Amino acid sequence: MREIVVCGEALVDVVEQRVPDAPNDGTLAPLRPVLGGGPFNTAITLGRLGSAVSLLSAVSTDTYGDAIVGALQSAGVGTSLLQRRPEPTSLALATIGDDGSARYTFYVEGTADRRVADPGGLPPTVRAVTFGTLSLVLEPGASAYEALMCRCHDEGRLVVLDPNIRAAVIDDADAYRRRFRRWLPFVDVLKLSDEDAAWLGEGAAGSSASQWLEEGVAAVVTTCGSAGISVTTPDREITVPACAVEVADTIGAGDSVLGGIVHQLDRLGALSPDSVRALDISRWRDVAEFAAQVAAITVSRPGADPPWASELRSG
């Protein structure tokens with residue numbers, strides 16, 4: 001059995017509801033709580049698509065935490081690696097632009113997910129482990145996840161990283177960029193947005209996809225919004241178009257791309273560093289096209305609501 005472990009936070013997105021033709025009189029828009037967090041969304045995507053997946057995170061014992069556990073279980077995501085804690089659930093206030101893009105303000109001080117402890121050894125059936133978003137920024141949990149990332153690489157598991165930059169919670173940008181560069185020798189697949197790539201490429205510690213490949217990454221997958229998804233390997237680069245769809249909002253879009261990528265690698269039997277490096281560019285095209293299809297369904301409906309396998313042409 002091939003298992004995938006997604007590492008990182010689960011939280012609550014408090015989403016601003018746009019009201020057409022609302023008067024500009026200072027009245028606040030209504031808010032709607034939605035379960036989220038990049039790693040949570042990725043785990044839900046993988047579970048709905050049919051991969052054997054678990055979430056490794058610290059989750060509050062509050063009402064929101066109970067809802068997180070219930071949603072994971074309903075999507076077929078394993079919860080045995082969850083650490084339940086008394087601190088509250090993190091919140092993210094999401095405001096939606098006219099183009100459906102989301103901007104976030106985070107409330108994460110003293111919350112449960114950043115208190116995650118090192119889980120120790122993972123079962124031998126775990127073939128791939130993903131990391132990213134706030135969990136690699138907020139201490140003390142960030143150091144626990146970093147240590148696990150390095151250990152998983154040394155154990156021969158496939159390591160996937162999605163930095164999913166949230167600049168508002170990064171106190172020292174250059175220090176984060178240097179830390180990011182230190183992770184790269186332990187990473188097999190790097191997935192990020194074009195905005196992430198631009199942010200990481202700034203400053204003295206910045207770099208680019210070609211340099212990341214030189215550090216040891218096997219493939220860099222970049223989401224470019226309506227321009228599609230590109231895959232860069234040491235041999236060549238390809239781009240697949242985004243699927244035409246009416247966008248409700250972009251919450252969870254990149255997370256569902258990540259889930260689609262890892263699920264398709266699972267289907268190809270490529271959940272190992274060697275097998276990923278052996279993929280030719282036509283296989284990577286298949287992976288990217290599948291991920292684009294997953295993301296298209298996600299953005300077509302409000303909130304992070306990735307598709308089930310039955311909703312996909314080739315799921």
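General remarks:
- Binned Cα-Cα distance frequencies in the range 1-130 - 10 Å width, integer %: 13, 39, 29, 14, 4, 1
- Centre-to-centre separation between the Cα atoms of the range 244-278 and those of the range 66-136: 18 Å.
- Two-site FRET efficiency, T63 against A29, from Cβ-Cβ distance with R₀ of 25 Å, rounded to 0.05: 0.60
- With every protein chain in place, the range 58-134: carbon and sulfur % of accessible area (1.4 Å): 51 percent
- Scoring 286-296, 122-132 by mean Cβ neighbours within 10 Å over their residues and listing the highest first yields 286-296, 122-132.
- Net dipole in debye of the range 213-315 [+1 Lys, Arg Cβ; -1 Asp, Glu Cβ; about Cα centre; nearest 20]: 220 debye
- Local charge for F180 was computed over the other residues whose Cβ lies under 13 Å away, with Lys and Arg +1 and Asp and Glu -1, and equals -2.
- About its Cα centre, the chain has a charge dipole of approximately 760 debye under the convention of +1 per Lys or Arg Cβ and -1 per Asp or Glu Cβ, with nothing else charged.
- Taking 0.36 nm per residue of separation and subtracting the current Cα-Cα distance, fully stretching the chain between A309 and D154 would add 52.5 nm.
- Residue with peak Gaussian network fluctuation, the chain [Cα springs, cutoff 10 Å], from S135, S54, S208: S208
- Looking at the chain, the accessible area is 42 square angstrom per residue; that uses a 1.4 Å probe and ignores ligands, DNA and RNA.
- Treating r as the C-beta distance of E237 and A175 and R0 as 25 Å, the FRET efficiency rounds to 0.25.
- Projecting the Cα atoms of V276, Q264, T222 onto the dipole axis of the range 211-315, where Lys and Arg carry +1 and Asp and Glu carry -1 at the beta carbon, places Q264 farthest toward the positive end.
- For the chain, the fraction of C-alpha pairs more than 38 angstrom apart is 7%.
- Net charge, R85 excluded, C-beta distance under 15 Å - Lys, Arg +1, Asp, Glu -1: -4
- The range 192-315 shape via C-alpha gyration tensor axes, a/c threshold 1.5: oblate
- Taking the chain as a Gaussian network of alpha-carbon nodes connected by springs under 10 Å, the highest mean-square fluctuation of the residues S57, S256, S226 belongs to S226.
The values are calculated or read from the model by the stated rules, or taken from the named source; none is laboratory data. Values in this document were obtained by computation on a predicted structure and should not be read as measured data. Glycine gets a Cβ as well: all are built from the backbone with ideal geometry, and neighbour counts include every protein chain shown. For accessibility, only protein heavy atoms count, side chains too; no ligands or nucleic acids. Shrake-Rupley method; radii C 1.70, N 1.55, O 1.52, S 1.80 Å.
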